[in-house]
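Quick notes on the structure that follows.
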Amino acid sequence: MPRTTAAPAGPSDLLRALDQRLAQAATVLLGSDVPDLPGSERPGVASSHLLPQLIAVCTDPRRQDARWLVLTATFGAFPTTDQLRQFGRHVELASGAPPQSALLGQVINEPGRGRVDLPMTIVADGVVAEVDFCARYDIHTGIHRVVRETMPRWSAEHTVTAVAWIDQSSALRTLMPHEVSRVFAYRQPGLDDPASEASYRPHLVVPWRSVLVLPDVANPRASDQLAAIAKFSGNTVSMIGYDMIPITSAEMRPLSDTDAFAQYLAVVKHAHRVAGISRSATAEFAGFTRSLTAQGLPGPEVREILLAGEAPHTPGSAPRPHGDKPVVLCIGSQEPHKNQRAALHAAERLWHEGLEFEVRLVGGPGWSDAVLRPAVERLVEQGRPINALGRVSEVRLLDELRSADLVFFASLHEGYGLPVAEALACGTPVITSNFGSQLEIAELGGCVVVDPRDDDEVTDALRRLLTRPDELQRLRAEAVARPVRTWDEYAAELWAFLCAGQDVA
């Protein structure tokens, strides 16, 4: 994981950072009662005056939000539920040493809990969006594309603070300049400014009576902190519900995914709003929410906010010159649930029958290509017309979508199936699955639906489209006639529900 390293800080620097964080907390917890602090220019003086007053607010058991904020300011890290309970019990029953002494002693004993060297900025009554994965990495599939399409549109229309996690995954921080570009200007290389990068100094970002939105890949290391934010901080936690594949189709994912997703569900059950990206994904999260009655929890409000389906906007894109043979394009990361192996089996059967066509595979390595890779290597050795392109740019992806005769995307489980919608937006027919979100997309035309687990049905569908030009042309006409849901529409509806709390059903 890319790291955000800290410069060594001396005792005076650490005390000044603590002074600043506690002063920030005091502005919202004490308000006009914040005292004048003579001598506060000396490191630690402000903290010695402010911390007892802040802890006094925390003695009220109704002020869980105050306890959360004071712990955050003191440790430079969001507390977990257990840490909050421990602190609450201590301040309610304090005897002997003053609570502030015990708290500061705990900070000294747990220096790695957060970033005690950093100042913090409170975002009050605003929107904070956690985009850690997209900020740190250049991967640009599925979820990452949703984040990078949505965030610039939100920023153009609203005030939103984008944040990432500190390396300990216990607090949120401002983005580095290159991370801002990676999230908000992904298709515009060369915007990084070395001077801005060199002068960057991170700040912790703390939402206060705000909306914390989680649109990105979940960070399982932050689950305990996020659950506490949802339960105790007074903030609203909203999230996009992509799918529940690691739980409901656990046999198709590595065990580590299932463990991580179970931690993610600990956040979901205390969240306030979840926007499912399809009817199927919404049904999954709504079902989980209904199960929470067994724990006495209401669970989040779950609504469908249908994902966009327009083709990528990529200047300079042009269809690849069409060869003599029809082209079948298979899209998806190389892992079992994407089901490309079924497409290759069907293709091999049709090649044996004498049909001439090319298969092109687009998608980078997933968690396991143990089933797909040997088949690809064997077919290449046999001289079959198969071309594994790997992960490609958006420009290349659009070229391939527009140039293919048809697309195969018959996954065994999808939250939405973005390649299906984008292929159709390019006017290219699709063979897709006859259930779930893929069937939802197919209902508007341009698709042949199959049982992706039935090799004969997959083969028959591929044969029909390769041998019946009239059928292919009919599907092309249907694809062109489909209504296209835009990213502008998706971003607007998503903001209305997740950030403004409006009912968009």
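The values are calculated or read from the model by the stated rules, or taken from the named source; none is laboratory data. Computed from a predicted model, the values in this text were never measured in an experiment. For neighbour counting, all protein chains shown are included, and Cβ atoms are generated from backbone atoms with ideal geometry for every residue, glycine included. All accessible areas refer to the heavy atoms of the entire protein, side chains included, with ligands and DNA or RNA removed. Shrake-Rupley method; radii C 1.70, N 1.55, O 1.52, S 1.80 Å.
In plain terms, the chain from Phe435 to Asp451 could stretch by 5.0 nm, reckoned as 0.36 nm per residue minus the Cα-Cα distance. Axis angle, to the nearest 10 degrees, between helix 223-232 and the longest C-alpha principal axis of the chain: 60 degrees. Other residues with beta-carbon under 12 Å from the beta-carbon of Tyr490 carry, at +1 per Lys or Arg and -1 per Asp or Glu, a net charge of -3. In a DSSP loop and with at most 15 other Cβ atoms within 10 Å, the chymotrypsin sites (Phe, Trp or Tyr not before Pro) in segment 74-167 are Tyr137. Taking 24 Å as the straight-line reach from the Cα of Lys231, the lysines in range (excluding those fewer than 8 positions away in the same chain) are Lys269.
Karplus-derived 3J(HN,Hα) values for segment 62-74, using 6.51 cos²θ - 1.76 cosθ + 1.60 with θ = phi - 60°, are 7, 9, 4, 5, 5, 4, 4, 5, 5, 5, 4, 5, 6 Hz; glycine and proline are entered as x.
Mean residue ellipticity at 222 nm, helices only, the chain: -13500 deg cm²/dmol; runs of at least 4 DSSP H residues each add -39,500 (n - 2.57), and the sum is divided by the number of residues. Taking the square roots of 5 times each eigenvalue of the Cα gyration tensor of the chain, largest first, gives ellipsoid semi-axes of 51, 23, 20 Å. Under 5 Å between amide hydrogens, built in the peptide plane, is the criterion, and for Glu301 it picks out Arg273, Val274 among residues at least 5 positions away or on other chains. Per-residue 3J(HN,Hα) values for segment 471-481, derived from phi via the Karplus relation 6.51 cos²θ - 1.76 cosθ + 1.60 with θ = phi - 60°, read 5, 5, 5, 4, 5, 4, 4, 5, 4, 5, 7 Hz in sequence order (x marks Gly and Pro). Could you tell me which of rounded, prolate or oblate describes segment 414-470, using a ≥ b ≥ c as the square roots of the eigenvalues of the alpha-carbon gyration tensor, with rounded for a/c under 1.5 and, failing that, prolate when a/b is larger than b/c and oblate otherwise? Oblate. Remark on Gly241: its backbone amide H falls under 5 Å from those of Ala275, Gly276, Ile277, a criterion applied only to residues 5 or more positions apart or on other chains, H modelled at 1.01 Å from N. Taking amide H positions as modeled 1.01 Å from N, with prolines and chain starts lacking one, the residues under 5 Å from Arg391 and 5 or more places away or on another chain are Gly363, Gly364.
Here the simple spin-label model places points 7 Å from the Cα toward Cβ, and for Tyr200 and Ala492 these points are separated by 3.3 nm. When you filter the trypsin sites (Lys or Arg not before Pro) in segment 430-505 for DSSP loop state and at most 14 other Cβ atoms inside 10 Å of their Cβ, you are left with Arg453. Each residue of segment 346-353 was assigned a 3J(HN,Hα) from its phi angle through the Karplus expression (A = 6.51, B = -1.76, C = 1.60, θ = phi - 60°), giving 4, 4, 5, 4, 6, 5, 5, 6 Hz with x at Gly and Pro.
Please label the shape of segment 78-192 as rounded, prolate or oblate, based on the square roots a ≥ b ≥ c of the eigenvalues of the alpha-carbon gyration tensor (a/c under 1.5 means rounded; beyond that, a/b larger than b/c means prolate, else oblate). Prolate, since a/c reaches 1.5 and a/b exceeds b/c. The three principal axes of the Cα atoms in segment 228-329 give end-to-end lengths of 63, 32, 22 Å, sorted in falling order. Does anything in segment 447-479 have its amide N under 16 Å from the 7 Å Cα→Cβ label point of Glu251, and if so which residues? Under 16 Å, as judged by backbone N against the label point of Glu251, lie 452-455 of segment 447-479. The label-point distance for Gln188 and Trp367, in a model that sets each label 7 Å from Cα toward Cβ, rounds to 3.6 nm.
Within the shell defined by Cβ-Cβ distances under 13 Å, the residues around Val480 carry a net charge of +3, with Lys and Arg each +1 and Asp and Glu each -1.
Remark: the Cα gyration tensor places segment 115-265 in the oblate category, a/c being 1.5 or greater and a/b not exceeding b/c. Applying the criteria of a DSSP loop state and at most 13 other Cβ atoms within 10 Å to the GluC sites (Glu not before Pro) of segment 386-444 yields Glu443. Charge tally around Arg464: other residues with Cβ under 14 Å, Lys/Arg +1 each, Asp/Glu -1 each, net -3. Using a probe radius of 1.4 angstrom, the carbon and sulfur fraction of the accessible surface of the chain is 52%. Per residue, the chain exposes 42 Å² of solvent-accessible protein surface, assessed with a 1.4 angstrom probe and all protein chains in place.
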